[in-house]
Amino acid sequence: PGDGETMRQLLDAAEHLGNWEPAVPPWFDWETGLFRSMHFGAQGVREEPGEAINTADHFRCVNISLLALAMSDDSRYLALARAHGKRWTEAILAGAALPVGLLPEGPVYALAGETEQRYRAFAGMAGMLDDAVDRAENLLASGAVEALLRLWELTDEADYRVAAERLLDVLATQLPDPDADAAADAIRCYRLTTGDIRYDRQVLAAAEALDP
């Protein structure tokens, strides 16, 4: 945060995210709380069929906005993070299944057709997204848990924390897996942020299994 060039570049990106740079076509739709495309940049927004969906990767935009807020104390970055974070929070809490994406009309629970082809073209390492673990891990990889917890801290709106817990409830089942370091770190972040010990028993059980 103390490096001037890094701050300049990050704030420049955040200004584009919220449509505050008039020379660039708008990336975000403030009415829906969604970004206008799966792909966007300084050259514009892609509008081909299948591009309208917002995926877990868009959570990175929430995290950029929260970093910009921390660097500038400009409330418009919090407004942007809340607008998009709220849509994900509502979708995560909406039903029995975790969402794989968002459209203006609501959560998306399965990718298909051109949308799936375009998503797989740049996110080939993502799981099949067929079950709760794949979906929670996909959101985790884009910083969803940390973003939701930070929004809860900043706004005191309980739904952000509950949405983070919904993801962590799934991720905690994977703690015995040797590759669960990212899930373990997210649980550590939760405990530090909230002081809640609800996952301690699962953490201790996973650690006990490692004891030779």
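The values are calculated or read from the model by the stated rules, or taken from the named source; none is laboratory data. It should be emphasised that the depicted structure is a prediction, and the values quoted were computed from it without experimental measurement. With ideal geometry, Cβ positions are generated from the backbone for all residues, glycine too; neighbour counts draw on all protein chains shown. Calculation scope for accessible area: heavy atoms of the full protein, side chains included, ligands and nucleic acids excluded. Shrake-Rupley method; radii C 1.70, N 1.55, O 1.52, S 1.80 Å.
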On Cα atoms only, tilt of 158-171 relative to the major axis of the chain in degrees: 60 degrees
Estimated distance in nm for a label pair at D29 and V203, the labels positioned 7 Å out from Cα along Cα-to-Cβ: 4.0 nm
Computed E for D12/C189 - FRET, C-beta separation, R0 35 angstrom, nearest 0.05: 0.80
Whole-percent carbon and sulfur share, accessible surface of the chain, 1.4 Å: 53 percent
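What accessible area per residue, rounded to a whole number of Å², is obtained for region 1-146 using a probe radius of 1.4 Å? Let's see the in-between values first.
On the way: 7050 Å² over 146 residues.
On a per-residue basis, 48 Å².
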L93 accessible area, 1.4 Å probe, all protein chains in place, Å² to nearest 10: 70 Å²
Length added when fully stretched, E105-A158, from 0.36 nm per residue minus Cα-Cα: 16.7 nm
Most mobile of R188, R161, R87 in a GNM of the chain (Cα contacts under 10 Å): R188
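If you place +1 on the Cβ of every Lys and Arg, -1 on the Cβ of every Asp and Glu, and leave all else neutral, what size is the dipole of the chain about its Cα centre, to the nearest 20 Debye?
Numbers: 18 positive and 36 negative charges, 52 e Å.
Dipole magnitude for the chain comes out near 260 debye.
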Label of the coordinate-derived value, P(r) over Cα pairs in 10 Å bins from 0, in percent, listed as (1) 8, 33, 35, 19, 4, 0, 0; (2) 7, 25, 22, 16, 12, 9, 6, 2, 0, 0; (3) 7, 22, 18, 15, 12, 9, 7, 4, 3, 1, 1, 0: (1)
